[in-house]
Amino acid sequence: MAIHIHRSCCTYLLGSSALLVLIGFNDVAFAQAKLPEVEVTSTRAKPKPHPAPARQAATAPVVAPLTPAEQLAAKNNAFDQGRSNLYTTFGTTSSTQTHATIDALPQGTNATVEKVLLQAPGVSQDSAANGLLHVRNDHANVQFRINGVMLPDGVTGFSSVLDTSWIGTIALVTGALPAEFGLRTVGLVDITIRSDVFNNSGSVSLYGGSRGTITPSIEYGGTFGGNCPTTSSSTVTKAPPSSGSNKDCFPGVQYFFTGRYLQTTESIENPLPTLNAIHDFSSQEKGFAYMSTFVDPYTRLSLIAGTAVNNFQIPNVPGAALNAAVTPPVFGVSTFNSAQLNENQFEQTEYGVLALQRSVNGFDGQLSYFTRYNQLHFMPDPAGDLLLNGIASDVSRQSYSNGIQGDGSYVINAAHTLRAGFTVSAEQAWVDNSSIVQPCMACNGTEPAAPETITDDVSKLAWLAGVYAQDEWKITNQLTMNAGLRFDQMWQFTDANQLSPRLSFTYKPFAYTTFHAGYARYFTPPVLVEAAPFNNNLFNNTTGTTPGLADPVLPERSHNFDAGIDQKIPFKCYNAAAKDCPTLDVGLDAYYKLAKDLIDNGTFGQALVLSAFNYAKAYVEGVEFSAKYHSGNFQAYANLAVGEERATDVVSNQYLIDNTVPLADLGGLTRFQYLATHWIYTDHTQLVTGSAGAIYQFCGRPSTPGETWLDSLCGTKVSADMIYGSGLRTGDANIGTEPPYAQFNTSIAHEFAMPDGKPLTVRFDIVNLFDTVYQLRSGTGIGVFAPQYGPRRGYYFGISKKI
């Protein structure tokens, strides 16, 4: 069997499977990994042939020779398809954005991954101090995978670690996940690296604008080291030939790297509704590298590495009152202007993945080693924090993770595909707290005492292990079942395990209609550093006292049900294989989750770091609607989600919830007493969440010299997107709601043809077009320490040149 790959609009012929796939000029061409060879037909420009005699018979088309780089690209395309066979998202709901779509929307690849995800169904916005975003009203239960390998948990902070410039596709997968996905299960952020960056080219860009924002970046990719000769054959075989000059040739190494620097005075959300925040400067550096080569015709070796080093100032609120428990002076200071507070946070992340992929005779497998290092250091203002908050905590969190992941897929026959795998990881965590407090008896501000330092350090070596097996069974041509089992074991501050069944069905009664339904049992360990025990007894009789129990944080266990329908509606399509006919894709999905020991977290002190706790019982329910329309050079999408998460009874780290002050709006109960006897909305619940966007490209090519003003619009893209939120929870015990808001953004970009044949692109973006002033957080609610507002209107310019 052979696969014919044409670079423009091409057809895959898979023998008896009769699978027809149409792809566009820039799409990635895949081949089934089990096939013995990949046939590539080049459509590069060729010299015009001499005119033939009038009666000469037509001849077969001339196939241009394939360079070593093209041969390597064909091999990689086949192995990319083999890797996609490993990680099925069968029976789930997926929202995918390509690199081209990301680049066309406002801010393009200068936007963070978190902002890109806000355009997916059911994703709500939050402040950086509270996790940046939430999927289906859950908190921080999302896993990130790069080319199928899960990045291990790190230390949560303000940083956006991943850059969008190197992303080929990013998909948010929700629903009843197959057994191969464990641990973080509310959403899977599935990222693949761009496949169009290995042609010895790149780009340099400069972007910036309001609030002192400036971000230069560079990227470059190519291929080196290949010694395979150029071949006139259109067939690239996986198996080495039995004879010939290229028997032992080396196809080469593909590489890509990118780097970005950012500085801005709008890094963490402004706690005030003003245009500019007080004390909010940030400098951020990101780097990413990717390399890939073939060990032999059946085996590919890939390396992924990334880094992020970020510094943040913590914004200030003027006019804050001194803490009544503190007796001035401290460190010779009796009064303090809160606008002059000098709190800072440093965050560092390093990660790497080494993956060995094997693809032969119906089997696809990948064995990966992954590592990640994280550091977070919150540095207080000693005098200011002690006078204003009663405690000045210097908090350091470090985490070093290493692990191995193995996944395999085998096609038994036309009806059954078997998948199995495992993961084992170790994490060493250090949590160091050095807090300045003032000793006291009544802590009423009347008993002078010299400040003292209390140290509470914790270290832990923890382990996670998981194993799964599942079978994808094609029962009929329309009905497919995916059934699996997963077992997870954790050895952390508490030890626990769980056997988790997974079952999902997909039914396709018509060509454009697909139903799915599934059940999944999930087991979610807490983030190690957020679950570190805290010895609150050390702070008795000081201004930093936090009375209450400190039971250990438990893993979350849940039953999850999901069902939905996806409908594709073609317009003016008289041929089902037509590539560019207008289409409307609509989806409707409903979900319900019943949880025990629901994990939640928040910021409970003056240090803006997250601490975890459990609710004994919780449920999450909701409905999501999505629509995408595509017609020629125009595309648009819209999403709307309605849902809620409710919980009751805090059963770990109880000291985080105040149990000393009766509150009138809670019927005279303390917060802790109210939570123990009432079902409450979690603080990150938002009843209604929406997003929408549109992109239009004038013509399909860049402008050229000599064209009219109307022709010059060719190469111009205009776009807009928006997010809507009905408001997160606020007030004592989350009994209130923030006001609803909508933020609109817009963009225009133009691509200019340059003499060197490599275009230059100029863009202009407006964020929050109508300068809507809206509050994300009021500073009240469970686990919410400070108010935060959404961004004010900003103007941003960018210029990028291909090199």
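The values are calculated or read from the model by the stated rules, or taken from the named source; none is laboratory data. Given the structure is predicted, the values throughout are model-derived calculations rather than measurements. Note that we place each Cβ from the backbone using ideal geometry, even for glycine, and neighbour counts take in every protein chain shown. Ligands, DNA and RNA are excluded from the accessible area calculation, which covers all protein heavy atoms including side chains. Shrake-Rupley method; radii C 1.70, N 1.55, O 1.52, S 1.80 Å.
If you check Ala442 against the conditions, is it open to solvent by less than 70 Å² (accessible area, probe 1.4 Å), of a type in the set (Gly, Ala, Ser) and within 25 Å of the chain's Cα centre (by Cα)?
Working: open to solvent by less than 70 Å² (accessible area, probe 1.4 Å): yes; of a type in the set (Gly, Ala, Ser): yes; within 25 Å of the chain's Cα centre (by Cα): no.
So Ala442 fails the test.
Within the stretch 234-256, take every residue that is of a type in the set (D, E, K, R) and out of contact with any strand residue (DSSP E or B) (no Cβ under 9 Å at 6 or more places or on another chain) and give me the one that is modelled with the highest pLDDT.
First, the residues of the stretch 234-256 that are of a type in the set (D, E, K, R): 238, 247-248.
With the extra rule that they be out of contact with any strand residue (DSSP E or B) (no Cβ under 9 Å at 6 or more places or on another chain), the set shrinks to 247-248.
Values: Lys247: 53, Asp248: 63.
The qualifying residue modelled with the highest pLDDT is Asp248.
Mind listing whichever residues of the stretch 750-803 are polar (S, T, N, Q), within 16 Å of Gln125 (Cα to Cα) and in a loop (DSSP other than H, G, I, E, B)?
Step one: filter the stretch 750-803 for residues polar (S, T, N, Q), giving 761, 768, 772, 775, 778, 780, 788, 800.
Still in the running and within 16 Å of Gln125 (Cα to Cα): 768, 772, 775, 778, 788.
Passing the criteria: Asn768, Thr772.
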Query raised in the report: Of all the strands (runs of 3 or more DSSP E) wholly in the stretch 257-371, which have at least 2 residues that are at pLDDT below 95 and more than 30 Å from Asn199 (Cα to Cα)?
Result: 299-313, 344-360
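Can you say whether Leu388 is assigned to a strand (DSSP E or B) and either in contact with a Ser or Thr (Cβ under 9 Å, 6 or more places away or on another chain) or more than 30 Å from Ala320 (Cα to Cα) (or both), as far as the supplied structure shows?
Values: assigned to a strand (DSSP E or B): no; either in contact with a Ser or Thr (Cβ under 9 Å, 6 or more places away or on another chain) or more than 30 Å from Ala320 (Cα to Cα) (or both): yes.
It is false that Leu388 is assigned to a strand (DSSP E or B) and either in contact with a Ser or Thr (Cβ under 9 Å, 6 or more places away or on another chain) or more than 30 Å from Ala320 (Cα to Cα) (or both).
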Report summary line: Among residues of the stretch 415-439 being surrounded by fewer than 17 Cβ atoms within 10 Å (Cβ to Cβ) and of a type in the set (Gly, Ala, Ser), the residue nearest to the chain's Cα centre (by Cα) is Ala426
Requested in this report: Among the candidates Ala641, Ala612, Ala647, single out the residue that is in a strand (DSSP E or B), in contact with a Leu (Cβ under 6 Å, 6 or more places away or on another chain) and surrounded by 22 or more Cβ atoms within 10 Å (Cβ to Cβ).
Outcome: Ala647
Query raised in the report: Do any strands (runs of 3 or more DSSP E) lying entirely in the stretch 485-582 carry at least 2 residues that are open to solvent by less than 10 Å² (accessible area, probe 1.4 Å) and within 24 Å of Ser611 (Cβ to Cβ), and which ones are they?
Result: 513-524, 556-570
**Report entry** Of all residues in the stretch 98-128 being open to solvent by 10 Å² or more (accessible area, probe 1.4 Å) and of a type in the set (D, E, K, R), the one that is farthest from Leu687 (Cα to Cα)
**Finding:** Asp103
Report task. Return the total of residues in the stretch 386-408 being aliphatic (A, V, I, L, M) and crowded, with 22+ Cβ neighbours inside 10 Å. Result -> 4
Report task. Sort out which residues of the stretch 684-705 are modelled with pLDDT under 90 and either within 30 Å of Ile735 (Cβ to Cβ) or among the charged types (D, E, K, R) (or both), and write them in order of number. Result -> Arg701
